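Engineer: Quick one: this structure, given as structure tokens, is what I'll be asking you about.
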4 protein chains.
Amino acid sequence: MRVALFGAGRMGQIHGANIAVHPGSTLAAVVDPHGPSATALAERHGAVVMDEAEAFASQDIDAVVVASATNLHADQAEQGAKAGKAVFCEKPVDLSMDRVAAVSETLAQTNVPFMLGFNRRFDPNFAAMKAQIDQGAIGDVEMVTILSRDPSPPPIDYIKVSGGIFRDMMIHDFDIARWLVGEDFPHLSAFGAVHVNAAIGAAGDQDTAMVSLRSTSGVLVSISNSRRATYGYDQRIEVHGSKGMVSAENVRESTMVLATAEGVRLEKPEHFFLERYAAAYKREWDAFVSAVSEGRAPMPGITEGLASLALADRAVASAKAHR
Amino acid sequence: MRVALFGAGRMGQIHGANIAVHPGSTLAAVVDPHGPSATALAERHGAVVMDEAEAFASQDIDAVVVASATNLHADQAEQGAKAGKAVFCEKPVDLSMDRVAAVSETLAQTNVPFMLGFNRRFDPNFAAMKAQIDQGAIGDVEMVTILSRDPSPPPIDYIKVSGGIFRDMMIHDFDIARWLVGEDFPHLSAFGAVHVNAAIGAAGDQDTAMVSLRSTSGVLVSISNSRRATYGYDQRIEVHGSKGMVSAENVRESTMVLATAEGVRLEKPEHFFLERYAAAYKREWDAFVSAVSEGRAPMPGITEGLASLALADRAVASAKAHR
Amino acid sequence: MRVALFGAGRMGQIHGANIAVHPGSTLAAVVDPHGPSATALAERHGAVVMDEAEAFASQDIDAVVVASATNLHADQAEQGAKAGKAVFCEKPVDLSMDRVAAVSETLAQTNVPFMLGFNRRFDPNFAAMKAQIDQGAIGDVEMVTILSRDPSPPPIDYIKVSGGIFRDMMIHDFDIARWLVGEDFPHLSAFGAVHVNAAIGAAGDQDTAMVSLRSTSGVLVSISNSRRATYGYDQRIEVHGSKGMVSAENVRESTMVLATAEGVRLEKPEHFFLERYAAAYKREWDAFVSAVSEGRAPMPGITEGLASLALADRAVASAKAHR
Amino acid sequence: MRVALFGAGRMGQIHGANIAVHPGSTLAAVVDPHGPSATALAERHGAVVMDEAEAFASQDIDAVVVASATNLHADQAEQGAKAGKAVFCEKPVDLSMDRVAAVSETLAQTNVPFMLGFNRRFDPNFAAMKAQIDQGAIGDVEMVTILSRDPSPPPIDYIKVSGGIFRDMMIHDFDIARWLVGEDFPHLSAFGAVHVNAAIGAAGDQDTAMVSLRSTSGVLVSISNSRRATYGYDQRIEVHGSKGMVSAENVRESTMVLATAEGVRLEKPEHFFLERYAAAYKREWDAFVSAVSEGRAPMPGITEGLASLALADRAVASAKAHR
């Protein structure tokens, strides 16, 4: 699979390295409006620089990876699909349900393989937890608790275009909830608050949020988010069922333990997503390559994006009503 | 302090032993309609058996401990107060807000010391967590997560008179939330489900429940309950703040660790409240004796009972509306 | 069982409370050359004060507990035995092999029940570990690692009469090694060092010590001791076998966990033996009462004391040879 | 740095991938008597296949990595040094002290950079532990406990040429002890046993071993090894000092925790050295490239190999004397 990568920023560099090192894929081209970034990334992995039109038109390109600025995702995904390329698209496809629905329509017509970058499904710890559930180790799933906290908030300029905490941050947790429960959530209740930075509130957003969900069959889910955790990137999930409980705990920076007169100190959780989810990004890319090469529909697809965005929109409305 | 203990059942036996062993109190009398139980407990600790009227009338009794059947709590607490005794009352005072308000009124008039048996505040692990918060170790409290699961449900006959999962079980967690946050909760959202035993649903109750709270200043609280956990009594709290997070984890049956080809096995959490909260009951009784002997109002008092019952009533209504 | 307690100091107070609260024993008398201590302890538990001769002569006394100064242990144990009392004796019986052998001879002649206070066998955590071994969970025992560190060294005056680190401190670990392996140790190698306090070295002792043992069948044991651990009383054992490994970890002061920018902090191990082994002392006393009342020989007995003292003597000689 | 890799087996493949991906090195050539292995590895990383003579003679080669069969290490290291190449050599250089001393002499004469593959110094967990020691977090080092167990023994044919458990397996732990303590060990005592496989004993070796060391200043070290651990690759170190203790614990396969009626199950330690030390091999290679490019002598060098082999030889003799 010869791949054109759209976006040479932080996420583009991660995907670029994973594409280059995977035995089933080659990084053929890099596309980025910022020339020097595109050149640097292309040279590092023996790829060429293309512009958008070239990449979509090239017979040498089998797949596109959309890791550009968020406002470009939907267009590039659609163009890739229309050009007959397999498409891997970073989240979110778009912040508007209508726009995502339109992309979904295009994908249905073009029938190309499409995968959405909900990377957490591929974290080895969460995957080990999911495997236990699938093997029946905890019986029927009854309650899910998802705790997700960033080490520090993004710049306020990012907050303003992010779609807000529910669409930008908690959307990952909505996807995890759907992945674990496998049902619709007819009931949702959301609360938000501003504790971290008053400017986030002034921008009409919250930095602390909590959502409860109730699925069709009565599975209860609690999700909580904060834009700040002094001790690192806090990413935990636990699932309680009829036969037991399974959880995935944080990954620490090392297994070092220091015992002194002050107490017993463990290392902090790995700092942020680049460190914590390094293995997840690799496994995610492998899942895309495997699905495409074996003719299976990649998962998660556009449907997962639509469903999680719908939950985020409902959370925005519920949190607003609760203020 | 010479104490008359009302109730010689499971809770009465715990309180009886703690009263007898405390250097500041003596178990003077045991009152229970079931004669043999009263006699056995009295003999074990060198006390005498009395009937209700005797105990209230006796000049030899300084305090009463109400650990009888739930439907007797309010009456015995009021009679004790009117007789001028210090009163320690097991939770709940009553399942009806009106009845608890009436007891509160009586207590205000009689002005006797009164303490309500919300034992978890006295668990050494929760207390260590609270001490860190009070010392400012995590800065301002922003989010609280309370997970509380019983090892197995009570008999269905108990369920029917219990007031339901929110008033009988989650009321402890409401008290903990109030203790940790120290504010009112103008916003509450509750979900319930029946997963453990269909008979609990048939009795109009739920066995699985989840509540979100938002305090006046925007502190968010998640509480979840299940009437069954195969791995033991699951009692955890974590509090996230502006400077860090503090939690109190389960207490395991021992520190034994077994590593074999099947994995690494830790012991289960201590089975149920008698084991897990043995130290809490002792510390609770010490707090009562200390407060009374030093002329301070014992905490938690009737106000805490009223406030938590009010939250439980709101949760019942919210969960009903969400079905 | 009516008990005369010899010694009203720290250990005497622990044993006194356990004797008093046990349903099968009564604290009848306290014997201590320091009158006020004897009186205070006796009054606390409703006992009388006796002198040595009275206690041994009294028909009202069934058993004696020897928790006096170390240099009195052997005499009091022998007198108790000659008076036909069941004897519970704190360790050590004596620091001299010859004297312990003489006591052993007396016990054999009098045939009274005798138990030696090697309390660690009764720690619930070590007992849970041992139960796994006995059930075959780790197969055949092959290697044992015992780590034992006191929070701080005793006064130098105590050191001088203690018999030294191997006879005073490591003797507990020798007993544990014998308990776990159940074989003789024909091979022993010891090293000592002075790191904590030069005065300990000046007194001819060491404060840091390490011993390796090889049993008849080739089970290897490592024991290490320090007289100081800044983080509390460190008491860990692990046993490796053909089918797995089992360990007993430290007991922490609480299950509180504090995560901040400095890292994730657990509580320290419980400070010292009074806290860590509180449950062990209770279970030890129960084992004595049960054995005597059921006509079984209490374990550990004088044989265990002799065998562990022999290992300590060999360690002293080996460490000396290695300097 | 253009590298010729000697050996295309398991270790060669690990080093080959790390050389190829490092920005400061290129895998230029692969040398292996087994042609297909050499070709496959060379093709994977865009290198060419050479024979020994070509590689040493080539002006295009700056460094050699010796990851061939153990009996070739010394010769290839010497030839590389004489050809003026920087040399990275897998452990052991040789099983004979005389042969290692001869290599050391050659290295002194040729003055090329030389590094020995004691990979554990580069494990991020051990490195985090060492950093705490170097920063003074535990004060002066007083006692070290090293526990090292393989998941299963190597084939008996390997055992026969391995030099035995002390020279083949415990040599890593001797290096760690020297790295942590930084002193000579005038005192050593070793015990061995055969528990895992009688054929290992028949071959004159042991499969279970325990060594105590005492350094010049009195630091005490305990090392224990087993050729088999049912629960995975057990690699732990703890260091006790005047101000505290620091340890590095096992790395688990994931952070998943499963709680059921059977207990609470953690994942096993990562299975064996390929998984556990994957990061260590990368960091080790980076250390070599950095040292060579910056003109520093790589560490650990031949001196470390000599010193650890000397300890192993003494352990062999001590264990023999103790049988």
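Engineer: Quick one: what do you get for the range B:59-211 if you divide its Cα Rg by 2.2 N^0.38 Å?
Structural biologist: 1.19
Engineer: Let me ask you something else. Along its principal axes, what span do the Cα atoms of the range A:120-321 show, with the longest given first and each in whole Å?
Structural biologist: 48, 46, 37
Engineer: Can you work out the FRET efficiency for the pair A:Met97 and A:Arg10, with r the C-beta to C-beta distance and R0 = 22 Å, to the nearest 0.05?
Structural biologist: Details: r = 27 Å, r/R0 = 1.22.
Efficiency for this residue pair is about 0.25.
Engineer: I would also like to ask the following. Where both partners of a DSSP beta bridge lie in the protein assembly as shown, what percent of those bridges are antiparallel, to the nearest 5?
Structural biologist: 60 percent
Engineer: Right, next: Under 20 Å from the 7 Å Cα→Cβ point of B:Arg323, by amide nitrogen: which residues of the range A:122-151?
Structural biologist: Label zone hits: A:142-143.
Engineer: Let me ask something else about it. Hey, what's the Kirkwood Rh for the protein assembly as shown if you take every pair of different alpha carbons, in angstrom? Write out the running numbers ahead of the final one.
Structural biologist: Working: mean 1/r = 0.0288 Å⁻¹.
It is 34.7 Å.
Engineer: What does the copy distance list look like for C:Thr303, label position 7 Å along Cα→Cβ, in nm and ordered from shortest?
Structural biologist: Result for C:Thr303, in nm, nearest copy first: 5.6, 6.6, 7.2.
Engineer: Report the residue of chain A with the smallest Cβ-to-axis distance, using the rotation axis that brings A onto C, in whole Å.
Structural biologist: A:Arg265, 3
Engineer: Which distance in Å, rounded to a whole number, links the C-alpha centroids of the range D:149-203 and the range D:261-278?
Structural biologist: When both Cα centres are located, 23 Å separates them.
Engineer: For a quick check: sort B:Trp285, D:Trp179 by the number of other beta carbons within 10 angstrom, fewest at the front.
Structural biologist: Least to most surrounded, the residues fall as D:Trp179, B:Trp285.
Engineer: Assuming a ≥ b ≥ c are the square roots of the Cα gyration tensor eigenvalues, decide whether the range B:161-243 counts as rounded (a/c under 1.5), prolate (otherwise, with a/b larger than b/c) or oblate.
Structural biologist: Numbers: a/c = 2.48, a/b = 1.74, b/c = 1.42.
It is prolate, given that a/c is not under 1.5 and a/b is the larger ratio.
Engineer: Run through the other copies and list how far each one's label point is from that of A:Lys82, in nm with one decimal, shortest first; the point sits 7 Å from Cα along Cα-Cβ.
Structural biologist: Here the equivalent label points are 7.0, 8.6, 11.0 nm apart from this one.
Engineer: What nm value, rounded to one decimal, do you get for the distance between B:Asp313 and B:Ala297 when each label is placed 7 Å out toward the C-beta?
Structural biologist: Result for the modelled spin labels: 2.1 nm.
Engineer: What nm distance separates the two modelled labels at C:Ala199 and D:Lys243, each placed 7 Å from Cα along Cα→Cβ?
Structural biologist: So the label points at C:Ala199 and D:Lys243 sit 2.4 nm apart.
Engineer: Could you state the angle between the C-alpha long axis of helix D:35-44 and the longest principal axis of the C-alpha atoms of chain D, as a value from 0 to 90 degrees rounded to the nearest 10?
Structural biologist: Relative to chain D, helix D:35-44 is tipped by roughly 90 degrees.
Engineer: While we're on this one: Give me a single rounded figure for A:137-149: the average over its residues of other chain Cβ atoms within 10 Å of their Cβ. Can you show the working numbers first?
Structural biologist: Numbers: counts 4, 5, 3, 1, 1, 8, 10, 2, 5, 0, 6, 0, 3.
For this peptide, the per-residue mean of nearby foreign Cβ atoms is 4.
Engineer: Which percent, nearest 5, of DSSP beta bridges in chain A are antiparallel? Provide the component values of the computation, followed by the final result.
Structural biologist: Values: 32 of 57 bridges.
So the antiparallel bridges in chain A amount to around 55 percent.
Engineer: Only loop residues by DSSP count here, and only those with at most 11 other Cβ atoms within 10 Å; note down the trypsin sites (Lys or Arg not before Pro) in the range D:277-319 that meet that.
Structural biologist: D:Arg296
Engineer: Across all directions of projection, what mean area in square nanometres is found for the Cα convex hull of the range B:47-132? Don't skip to the answer; put the middle values down first.
Structural biologist: Details: hull surface 28.3 nm².
Mean orientational projected area (the range B:47-132, Cα hull): 7.1 nm².
Engineer: Quantify how strongly other chains surround peptide B:223-234 by giving the mean number of their Cβ atoms within 10 Å of each of its Cβ atoms.
Structural biologist: 5
Engineer: Would you compute, from DSSP H runs of 4+ residues alone, the mean residue ellipticity of chain A at 222 nm, taking -39500 (n - 2.57) per run and dividing by the full residue count, rounded to the nearest 500?
Structural biologist: Values: 13 runs with 131 residues, N = 323.
Per the formula, -12000 deg cm²/dmol.
Engineer: What list of ³J(HN,Hα) couplings, whole Hz, do you get for the range A:158-165 from phi and the Karplus terms 6.51, -1.76, 1.60, once you set θ to phi - 60° and write x for glycine and proline?
Structural biologist: Per-residue couplings from phi come out as 5, 3, 4, 9, 7, x, x, 4 Hz.
Engineer: Relative to the first principal axis of the alpha-carbon coordinates of chain B, what is the inclination of helix B:302-321, with its axis defined by its Cα atoms, in degrees from 0 to 90 and to the nearest 10?
Structural biologist: Helix B:302-321 sits roughly 40 degrees off the main axis of chain B.
Engineer: Is the C-alpha gyration tensor of the range C:185-295 telling us rounded, prolate or oblate? Criteria: a/c under 1.5 is rounded; beyond that, a/b larger than b/c is prolate, otherwise oblate.
Structural biologist: It is rounded, given that a/c, with a ≥ b ≥ c, falls under 1.5.
Engineer: In whole Hz and in residue order, list the ³J(HN,Hα) couplings for the range D:202-217 that follow from phi through the Karplus curve 6.51 cos²θ - 1.76 cosθ + 1.60, θ = phi - 60°; x for Gly and Pro.
Structural biologist: Along the range D:202-217, the couplings run 4, 7, x, 10, 10, 10, 9, 8, 9, 10, 10, 10, 10, 7, 3, 8 Hz.
Engineer: Using the reciprocal of the averaged 1/r over all distinct C-alpha pairs, how large is the Kirkwood radius of the range D:2-112 in Å?
Structural biologist: 13.7 Å
Engineer: Could you tell me the number of lysine pairs in chain B with C-alpha atoms less than 21 Å from each other, where the two lysines are 8 or more residues apart or belong to different chains?
Structural biologist: Numbers: B:Lys82/B:Lys91; B:Lys85/B:Lys282; B:Lys91/B:Lys160; B:Lys91/B:Lys282; B:Lys130/B:Lys243; B:Lys130/B:Lys282; B:Lys160/B:Lys320.
Summing the qualifying lysine pairs gives 7.
Engineer: Can you list the residues, at least 5 places off or on another chain, whose amide H is less than 5 Å from the amide H of B:Ala69, using H built in the peptide plane?
Structural biologist: Correct list: empty.
Engineer: Another question, if that's okay. Mind listing the label-point distances from A:His271 to the same position on all other copies, shortest first, one decimal in nm, points 7 Å along Cα→Cβ?
Structural biologist: Distances to the matching label points in the other copies: 3.3, 3.9, 4.9 nm.
Engineer: What do you get for the angle between helix D:10-21 and the principal long axis of chain D? Use alpha-carbon atoms, 0 to 90 degrees, nearest ten.
Structural biologist: That helix lies at roughly 70 degrees to the long axis.
Just so you know, all these numbers are worked out from the coordinates, no wet-lab data involved. Keep in mind that this is a model prediction, so the values were computed, not measured. Ideal geometry is used to build each Cβ from the backbone, glycine not excepted, and the neighbour counts take in all protein chains shown.
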